[in-house]
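Just so it is clear, none of the values below were taken in a lab; they were calculated from the coordinates. Please read these numbers as outputs of a predicted model, since none were measured by experiment. Glycine also receives a Cβ, built like all others from the backbone with ideal geometry; neighbour counts cover every protein chain displayed.
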Amino acid sequence: MTPGDPEPASGHPWTAGLRALIGSVLANLVVWAGGNLLFDIPEAFEPLAGPGPTIFLTVVGTIGAVLAFVVVRRVATRPVPVFRMVAAGALLVSFIPDVLLLTEQGAANFPGATVAGVGLLILMHVVAAAIIVRCLEGAR
């Protein structure tokens, strides 16, 4: 391989999706653990109360991204750039429920929500999205 050559494909979309799933879950668990060490996240804040919600929501989001990639791959002539745009849009939309946790109604439904906790959730979305896009963009 010489400089400028495209990177080799990373395999079938489902294989790339499995790598994305494992990578994003592991990375988000590291972010979750680090965030809980660095910030005073109240135990009452359910989305960060333990590793379970992080694992579950990362798995759900990754599966959704893989399914979206498979659809984009079938309908787009240039699937990678289209998927990057879809993923960026989905990432931005994923911030909305997190930010709403800082409102009065959000605080009523999710006690313990703090700016640090919401920031940690947003960071985990960004980390997962980066890993997912990177894994899927090379799939055949």
If R₀ is 35 angstrom, what is the calculated FRET efficiency for the pair VAL115 and THR77, using the beta carbon separation as r and rounding to 0.05? 0.25
Would you mind checking the tilt of helix 79-100 against the longest principal axis of the Cα atoms of the chain, expressed as 0 to 90 degrees and rounded to 10? 0
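Compare the peptides 47-53, 98-104 by average per-residue count of other Cβ atoms within 10 angstrom and give them in order, highest first.
On the way: 47-53: 16.0, 98-104: 13.9.
Highest mean packing first, the order is 47-53, 98-104.
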Among THR114, GLY17, GLY89, which residue has its Cα furthest toward the positive end of the charge dipole of the chain, with +1 on Lys/Arg Cβ and -1 on Asp/Glu Cβ? GLY17
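Compute the signed sum of charges (Lys and Arg +1, Asp and Glu -1) over the other residues within less than 12 Å, Cβ to Cβ, of ALA68.
On the way: positive: ARG73, ARG74, ARG84; negative: none.
Neighbourhood net charge equals +3.
Write down Rg/Rh for the chain, rounded to two decimals, with Rg from the C-alpha atoms and Rh from the Kirkwood relation over Cα pairs. Numbers along the way, then the final one.
Values: Rg = 16.7 Å, Rh = 16.0 Å.
Rounded to two decimals, Rg over Rh is 1.04.
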Under a point-charge model restricted to the Cβ atoms of Lys and Arg (+1) and Asp and Glu (-1), what is the dipole moment magnitude of the chain relative to its Cα centre, in debye to the nearest 20? 720
Quick one: what are the phi-derived ³J(HN,Hα) couplings along the range 12-29, Karplus 6.51/-1.76/1.60 with θ = phi - 60°, whole Hz, x for glycine and proline? 5, x, 6, 5, 4, x, 5, 4, 4, 4, 5, x, 6, 5, 4, 5, 5, 5
Built amide H within the under 5 Å cut-off of ALA139, gap 5+: SER10
Counting helices only, and only those DSSP H runs with n ≥ 4, report the 222 nm mean residue ellipticity of the chain as the sum of -39,500 (n - 2.57) divided by its residues, in deg cm²/dmol to the nearest 500. -25000 deg cm²/dmol
Relative contact order for the chain using alpha-carbon pairs under 8 Å, separation at least 6, rounded to a whole percent? 45
